[in-house]
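Chemist: My structure is below; once you've seen it, I'll send some questions.
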Amino acid sequence: MAGIKLQHITKRYPDGFEAVHDLNLDIADGEFMILVGPSGCGKSTALRMIAGLEDISEGELRIGDQVVNEKAPKDRDIAMVFQSYALYPHMTVRENMGFALELAGVDKAQRNAKVEEAAQILDLSQHLDRKPANLSGGQRQRVAMGRAIVREPSAFLMDEPLSNLDAKLRVQMRTEVSRIQQRLGTTTVYVTHDQTEAMTLGDRVAVMRAGRLQQVDTPRNLYESPVNLFVAGFIGSPAMNFFAAELKGESLATPFGDVPLPERLRGAARSAGGKRVIAGLRPESFEDAEVARRQNRTGGHEFEADVELTESMGSEVYAYIRLEGEIAKAAELDEIAADTGATDVPGAGTSQVVARLSPDTTVRKGTRGRFWMDTEKLHIFDTENGQSLG
Ligand code: ATP
């Protein structure tokens, strides 16, 4: 087994396009690392460089204690699992899983032993003599994983391995992948564009955007302490709400009135002086004011606002609340989106926030509702560069 270290890795394609820029990532031995980001952010390119399927333009890649930049994929002691399972249709499950071992000259008895062991872990023992065409999607995906497992590589590299499965199976297989990785303890790098998958699977998650690493951290830290607007908006569903705000001493002027700044932001607020910022608050940090009072939720701030829409999800209600007042809309977000042409600027173009309320709420669409917000959970971001200020 081995850790993987990317140092100042850049990938420039022959047409000059820089798909990955100065990527630094230190993946520990046995760690489950997720690379996540929107389409085109360079995550597959990064994985393919680790696999040796793509040349590295600049920087150094280490697997274990060796620099492997110039090593052929087959000499890197890694196994890759793709989105298309790439199984051989004319071979049985047993033959598919044992093929790489056969190529490596492993004798039949040993091959069979390894295949059967992997099949047991993957719950495929009863299907070893079937052909891929006679398997379900989930089973095929397991065979693809089995092929990687039998080789006992020092690392698994997985590129959206679950994206061909339907939603329900994907959730099941997610649990499987996590269980297998924990059981084998093999260093794993897993690419996905799905932030939920990233958050549930990874020991740590590396968030990328436009070829650049934004933040690498545990799922919880990414959620609670995003370093910038992009990460804040990308992680979490429904997404974090953003609205314009202004620092005023120890309070913050928001479209919902003046609210106290949490202790942890006061230092940053003092050094920033009076200043316009973009505030962020997750949907679950809002509540129906009456419910919040019943639940004795202390602190925070109550306000009234128009409810544009409600959606009942059974266990919770989403209320879409209209932003009001002079500083309602975070116009900077629209400007950033327009300036950069980026379509992934979180919060651009909206003039409402989404509140995730308890199902007991009496708030209704088309009325004026009374809400509570947990001001302790506020985030503030610089309007110029989107960096978190606290
Ligand atoms: P997706 O989730 O859509 O697969 P990704 O984050 O994995 O996206 P990559 O496949 O790594 O993205 O591609 C990153 C960028 O590099 C994209 O803008 C893509 O168009 C570009 N790119 C990929 N391959 C080449 C190539 N051979 N030549 C030029 N540009 C390329």
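Chemist: For residue 206, which of the numbered conditions (1) within 15 Å of the chain's Cα centre (by Cα); (2) among the aliphatic types (A, V, I, L, M); (3) more than 16 Å from the ligand (Cβ to nearest atom) fails to hold?
Modeler: Checking residue 206 against (1) within 15 Å of the chain's Cα centre (by Cα); (2) among the aliphatic types (A, V, I, L, M); (3) more than 16 Å from the ligand (Cβ to nearest atom), the one that fails is (3).
Chemist: Mind listing whichever residues of segment 211-222 are surrounded by fewer than 18 Cβ atoms within 10 Å (Cβ to Cβ) and either within 16 Å of the ligand (Cβ to nearest atom) or under 12 Å from residue 240 (Cβ atoms) (or both)?
Modeler: Residue satisfying the conditions is 212 alone.
Chemist: So in segment 111-124, with the set limited to residues that are part of a helix (DSSP H, G or I) and under 15 Å from residue 176 (Cβ atoms), which one is modelled with the lowest pLDDT? Can you show your working first?
Modeler: Going through segment 111-124, the residues part of a helix (DSSP H, G or I) turn out to be 111-121.
Now narrow it down to the ones that are under 15 Å from residue 176 (Cβ atoms): 118-121.
Working: 118: 90, 119: 91, 120: 88, 121: 85.
Across segment 111-124, the extreme among qualifying residues is 121.
Chemist: Can residue 38 be described as in the same structural domain as residue 204 (by TED's automatic domain parsing), free of Cβ contacts under 8 Å to residues at least 12 places away in the same chain and either surrounded by fewer than 21 Cβ atoms within 10 Å (Cβ to Cβ) or not in a strand (DSSP E or B) (or both)?
Modeler: Here the answer is no, as residue 38 does not meet what is asked.
Chemist: Further question on the same structure: Criterion first (buried (at least 19 other Cβ atoms within 10 Å of the Cβ), modelled with pLDDT under 90 and not polar (S, T, N, Q)) does residue 252 satisfy it?
Modeler: No; evaluated as a whole, the condition is false for this residue.
Chemist: Of a type in the set (Ser, Thr, Tyr) and touching a strand residue (DSSP E or B) at 6+ places or on another chain (Cβ under 9 Å): is that true of residue 225 in this structure? Before you say what the answer is, go through the steps one by one.
Modeler: Values: of a type in the set (Ser, Thr, Tyr): yes; touching a strand residue (DSSP E or B) at 6+ places or on another chain (Cβ under 9 Å): yes.
It is true that residue 225 is of a type in the set (Ser, Thr, Tyr) and touching a strand residue (DSSP E or B) at 6+ places or on another chain (Cβ under 9 Å).
Chemist: Restricting to segment 41-69, and then to whatever is under 18 Å from residue 187 (Cβ atoms) and away from the ligand (no atom under 16 Å from the Cβ), can you tell me which residue is surrounded by the fewest Cβ atoms within 10 Å (Cβ to Cβ)?
Modeler: 65
Chemist: Could you give every pair whose Cβ atoms fall below 8 Å, whose first residue belongs to segment 208-235 and is within 24 Å of residue 10 (Cβ to Cβ), and whose second residue is surrounded by fewer than 18 Cβ atoms within 10 Å (Cβ to Cβ) and acidic (Asp, Glu), counting only separations of at least 6 or pairs across chains?
Modeler: Sorted first by the residue in segment 208-235, then by its partner, the pairs are 209/344; 211/18; 212/22; 230/344; 234/344.
Chemist: Same structure, new question: With farther than 17 Å from residue 268 by Cα, modelled with pLDDT under 95 and of a type in the set (Lys, Arg) as the only criterion, which of 204, 220, 209 stands out?
Modeler: Details: 204 fails: modelled with pLDDT under 95; 220 fails: modelled with pLDDT under 95.
Residue meeting the stated conditions: 209.
Chemist: Which numbered condition trips up residue 80, out of (1) touching a strand residue (DSSP E or B) at 6+ places or on another chain (Cβ under 9 Å); (2) away from the ligand (no atom under 16 Å from the Cβ); (3) closer than 18 Å to residue 184 by Cβ?
Modeler: That leaves (2) as the condition not met.
Chemist: Based on what the data block shows, is residue 214 assigned to a strand (DSSP E or B) and of a type outside the set (Gly, Ala, Ser)? Break it down stepwise before answering.
Modeler: Values: assigned to a strand (DSSP E or B): yes; of a type outside the set (Gly, Ala, Ser): yes.
Here the answer is yes, as residue 214 does meet what is asked.
Chemist: Could you check, for segment 270-280, whether at least one of its residues is free of Cβ contacts under 8 Å to residues at least 12 places away in the same chain and over 14 Å from residue 375 (Cα atoms)? First the steps, then the outcome.
Modeler: Restricting attention to segment 270-280, the residues satisfying the condition of being free of Cβ contacts under 8 Å to residues at least 12 places away in the same chain are 270-271.
Imposing the further condition that a residue be over 14 Å from residue 375 (Cα atoms) reduces the set to 270-271.
Taking every residue of segment 270-280 in turn, at least one turns out to be free of Cβ contacts under 8 Å to residues at least 12 places away in the same chain and over 14 Å from residue 375 (Cα atoms).
Chemist: While we're here: For segment 269-313, which positions are in a loop (DSSP other than H, G, I, E, B) and surrounded by fewer than 18 Cβ atoms within 10 Å (Cβ to Cβ)? Spell out how you get there, then give the answer.
Modeler: Filtering segment 269-313 down to residues in a loop (DSSP other than H, G, I, E, B) leaves 273-274, 282, 295-300, 313.
If the condition is that a residue be in a loop (DSSP other than H, G, I, E, B) and surrounded by fewer than 18 Cβ atoms within 10 Å (Cβ to Cβ), then 273, 274, 295, 296, 297, 298, 299, 313 are the ones that fit.
Chemist: Tally up the residues in segment 176-200 that are farther than 18 Å from residue 220 by Cα and either assigned to a helix (DSSP H, G or I) or of a type in the set (A, V, I, L, M, F, W, C) (or both), please.
Modeler: Total meeting the criteria: 10.
Chemist: Can you list residue pairs whose Cβ atoms sit under 9 Å apart, with the first residue in segment 13-26 being at pLDDT below 95 and the second being within 11 Å of the ligand (Cβ to nearest atom) and among the small types (Gly, Ala, Ser)? Count only pairs 6 or more apart in sequence or on different chains.
Modeler: none
Chemist: I'm checking my understanding of the structure. Among residues of segment 11-31 that are near the ligand (Cβ under 9 Å from one of its atoms) and within 12 Å of residue 61 (Cβ to Cβ), which one is surrounded by the fewest Cβ atoms within 10 Å (Cβ to Cβ)?
Modeler: Looking at the filtered set, the residue picked out is 11.
The values are calculated or read from the model by the stated rules, or taken from the named source; none is laboratory data. None of these values were measured; they are calculated from a predicted model. All Cβ positions, even for glycine, are placed from backbone atoms using ideal geometry, and neighbour counts span all protein chains on display.
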